[in-house]
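Structure record follows, encoded as structure tokens.
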Amino acid sequence: MTDAARNDAAREEAGVADADAEARQETDGGERPQAHTVRLELADEPGQLLAALKPIAENGGNLLSIFHERGNITPRGRIPVEVDLECPPDRFEGIVDALRTEGITVIQAGAERYGEELNILLVGHLVDTDLSDTLHRIERSTEASLSDLSLSAPEGTDQPSSARLRLATRPGETENALALVREIAADKELHVIEPLTEGSK
């Protein structure tokens, strides 16, 4: 075989190898991995961090760093954890869904996921109607995440009380988040004091 023929054969073989690599890349998720940040809330119990990382690894995420904020307890008495990971863009939503399926509270997923804030007041028998359940139902929503809570019960928890909720919402999802809170409040006979909108007097 001449040198020219050998070179042609090598080029053809390299072309096949390149095609195989491209096919593998498409099969493995298509686009190149990109960095993402996921902010979680975890109970301060053994094994919680490992349980949160497992869905990430099982769904194609590669861990870059973990920031475990043990000294910064959230309003629900949980520990915020920030996870930096990389994965193909088309797998990121699947990772977030897998975390939620496992019961992990996702506060923020990606830079733009919860970009707006909404402050509302709930008034009524908040404790008797299970405040924890109320907050959990809000947290299960994909439209909003509770970022702060302050409860006022000056006459005791068996009397009507008020709670100020600060919700982080996805851009454009504020009305959906409000509709969810209204629905929960109606179920529990609570009053919702909504924020003033632009143009309100």
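A simple spin-label model places pseudo-atoms 7 Å from Cα toward Cβ; at GLU93 and ALA35 they are separated by 2.4 nm.
Here the extension length gained between ARG182 and GLU194 equals 3.4 nm, from 0.36 nm per residue of separation less the Cα-Cα distance. Each residue of segment 175-187 was assigned a 3J(HN,Hα) from its phi angle through the Karplus expression (A = 6.51, B = -1.76, C = 1.60, θ = phi - 60°), giving 5, 5, 5, 4, 4, 5, 5, 4, 5, 5, 4, 5, 4 Hz with x at Gly and Pro.
Relative to the current alpha-carbon distance between THR157 and ASP130, full extension at 0.36 nm per residue lengthens the span by 8.6 nm. Distance between the pseudo-spin-label points of ARG164 and LYS54 (7 Å out from Cα toward the beta carbon): 4.0 nm.
Any read-out appearing in this document is the output of simple, stated calculations on the displayed coordinates, not a laboratory observation. The shown structure was predicted, so the numbers you read here are calculated from the model rather than taken from an experiment. Here the Cβ is made from the backbone with ideal geometry for all residues, glycine too, and neighbour counts use every protein chain on show.
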